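Structure first, commentary second.
The values are calculated or read from the model by the stated rules, or taken from the named source; none is laboratory data. Not measured: the values here are computed from a predicted model. Note that each Cβ is placed from the backbone with ideal geometry, even for glycine, and that neighbours are counted across all protein chains shown. In case anyone asks, the SASA skips ligands and DNA or RNA and just uses the protein heavy atoms, side chains included. Shrake-Rupley method; radii C 1.70, N 1.55, O 1.52, S 1.80 Å.
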Amino acid sequence: SPSGTGDVTDVSDDDGTNTGDVTRKNFAGSPGLTLIKTASDPVDNDSNGVDAGDVITFTYVATNSGNVTLTNVSIAEAQADFTGTGTLPSPTYASGGSDQDSDSATDDLAVGESVTWTATYALTQADVNAGFVENQATATGSSPSGTGDVTDVSDDDGTNAGDVTRKNFAGSPGLTLI
């Protein structure tokens, strides 16, 4: 104060009409989720070329591409989209993620964080005859606003949203005459 008698204070006001109104700025979060799904080459279990029983490993990497934390992120395969004739792959947690909601599960994603799942699939003879298997998976996570889930259908390489993951392979035809 100019006379040195003390400091002058004032409580902020948001519009100048009511002293002490709280200043508040609302902004919208923007949840986002990106899923990349890849497939390994078949593991030739018996060293005789690709045949029934050989195994493909699918890897699913979900990344929080938004600006808010996502919780309870999961991956699901859809039988309707799968060209394989065997048992539908079932993704299981492999690594990454964190526990953002204190439920002891690492299925949450901070902004920019990723989590990885894997699944295996044993080729059938029909798959070997077709020469490929393909499909897509869906990642789902809960946004903190409670306005609903955010989802993404997998892409195979991150360059063209929604590409199916397709694994081509060649069987080894053989004929032995006796």
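Odds and ends about this structure:
- Taking other residues whose beta carbon is less than 14 angstrom from the beta carbon of residue 134, and scoring Lys, Arg as +1 and Asp, Glu as -1, yields -4.
- Neighbour net charge for residue 166 - beta-carbon separation under 9 angstrom, K R +1, D E -1: -2
- For the range 105-151: accessible area per residue (Å², 1.4 Å): 40 Å²
- Local net charge near residue 52, Cβ-Cβ under 11 Å (Lys/Arg +1, Asp/Glu -1): -4
- Surface accessible to a 1.4 Å probe, residue 166 within the full protein complex, Å²: 110 Å²
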